[in-house]
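See below for the structure under consideration.
The values are calculated or read from the model by the stated rules, or taken from the named source; none is laboratory data. Here the structure is a predicted model, which is why all the values come from computation and not from measurement. Neighbour counts run over all protein chains shown; Cβ positions are idealised from the backbone, glycine included.
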Amino acid sequence: MGRPKGFDPAVAVDQAMDTFWSQGYLATTPQQLADRLQIAKGSVYHAFGGKRQLYERALHRYLDMRVETVGALLDSAGPAKDVLRQALLFLVHADFERPDRRGCFATNSAVELGRVDDDVTRRVLDLFARTEEAFRQLIERGQRDGEIRADVTSADAASMLLSAATGMHALARVDPGPERLLRAVDAAVALL
């Protein structure tokens, strides 16, 4: 089976991202990718260089989307605590919107491959650093506006928020509902 007419590599990367995100890298076979992309297994290698290269493209696509979405949320106008609450609630609701509750692709990748794959580690750490920086900037904005306590160290609070968000992604994969995560959002905002 050759490539279907109208094969779109960008769509294929999105479909591969969905598959890797749901199953993980190690559990996804080249045949599963070929079936999902509706191309021959050899075409996966021809079009993308192989499973590993397609995974890298899918992860890169996800990281770009996540930086854009979360960055825009954290840079929204309005009181800093409200902006923070809305961003964290977005993450919770995104984790619970699908019945398979697959969590965050970046967090999943860090857990599955972070200690064995330097490229994945580097890419995920970059996302985490950018997210942490966006949290820090929002905290400092809130401090300038007098909404967030001045005795809070913005870098430390940003690290706490990144850890909370990452932990919430992991909890969302196993918790029966969002209630615990919603309490964590309230607690994180209240600490500031």
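Some points to look at:
- With respect to the conditions (1) in contact (Cβ under 8 Å) with a residue 12 or more places away in the chain; (2) over 20 Å from MET160 (Cα atoms), THR107 falls short on a single one, namely (2).
- Single residue of the range 160-187 satisfying the filter (surrounded by 15 or more Cβ atoms within 10 Å (Cβ to Cβ) and among the β-branched types (Val, Ile, Thr)) that is modelled with the highest pLDDT: VAL185
- Taking first residues from the range 34-47 that are under 11 Å from THR19 (Cβ atoms) and aromatic (Phe, Trp, Tyr) and partners that are assigned to a loop (DSSP other than H, G, I, E, B) and modelled with pLDDT under 90, no Cβ contact under 8 Å between residues at least 6 apart in sequence or on separate chains turns up.
- Counted residues, the range 45-55 - those being buried (at least 18 other Cβ atoms within 10 Å of the Cβ) and either at pLDDT 95 or above or out of contact with any Pro (no Cβ under 7 Å at 6 or more places or on another chain) (or both): 3
- Residues (surrounded by fewer than 19 Cβ atoms within 10 Å (Cβ to Cβ) and under 19 Å from GLY167 (Cβ atoms)) located in the range 111-131: VAL111, GLU112, GLY114, ARG115, THR121, LEU125, PHE128, ALA129, ARG130
- Those helices (runs of 4 or more DSSP H) of the range 23-86 in which 2 or more residues are out of contact with any Lys or Arg (no Cβ under 8 Å at 6 or more places or on another chain) and under 19 Å from PHE135 (Cβ atoms) occupy 51-74.
- Residue list for the range 60-77, restricted to those being free of Cβ contacts under 8 Å to residues at least 60 places away in the same chain, under 17 Å from ALA16 (Cβ atoms) and surrounded by 13 or more Cβ atoms within 10 Å (Cβ to Cβ): ARG61, TYR62, MET65
- Checking the stated criteria, ALA80 turns out to be crowded, with 17+ Cβ neighbours inside 10 Å, among the small types (Gly, Ala, Ser) and touching a residue at least 60 places away in the same chain (Cβ under 8 Å).
- Pairs with Cβ under 9 Å, 6+ apart, first in the range 174-192 and of a type in the set (Asp, Glu), second part of a helix (DSSP H, G or I): ASP175/PHE96; ASP175/LEU181; ASP186/ARG85
- Of residues in the range 132-159 being surrounded by fewer than 17 Cβ atoms within 10 Å (Cβ to Cβ) and either polar (S, T, N, Q) or closer than 19 Å to VAL111 by Cα (or both), the one farthest from the chain's Cα centre (by Cα): THR153
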